[in-house]
Amino acid sequence: MTVDILSSIKGAQPSESVNQLFDVIKNAIPTNNNAANNVNRNCVSVNNLREDVVIESSAIEKQIILENFPNKKNGFLVVAKVIEG
């Protein structure tokens, strides 16, 4: 999802985790130096990404998510539309 769409979600607030992820991506040094593969100039090495850490959401955050994605299927929230960018 684009930041524009995420920012339009009712009650959404900036997240420190998301900010940290964007900082890592912005500051990453591309590792693809092969001239034949220079079409991938926007690549980021997996080693440059932050550690995947589960952060428990507060009750209000969970409520906001459930209000914005009320449909469920097999125990998962259903997203009405997938946006590829």
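In the stretch 35-64, of all residues being of a type in the set (A, V, I, L, M, F, W, C) and closer than 24 Å to Val24 by Cβ, the one that is modelled with the lowest pLDDT corresponds to Val39. If the condition is being under 20 Å from Asn19 (Cβ atoms) and at pLDDT 85 or above, then the stretch 65-85 contributes only Ile65.
The values are calculated or read from the model by the stated rules, or taken from the named source; none is laboratory data. These figures come from a predicted structure and were not determined experimentally. All Cβ positions, even for glycine, are placed from backbone atoms using ideal geometry, and neighbour counts span all protein chains on display.
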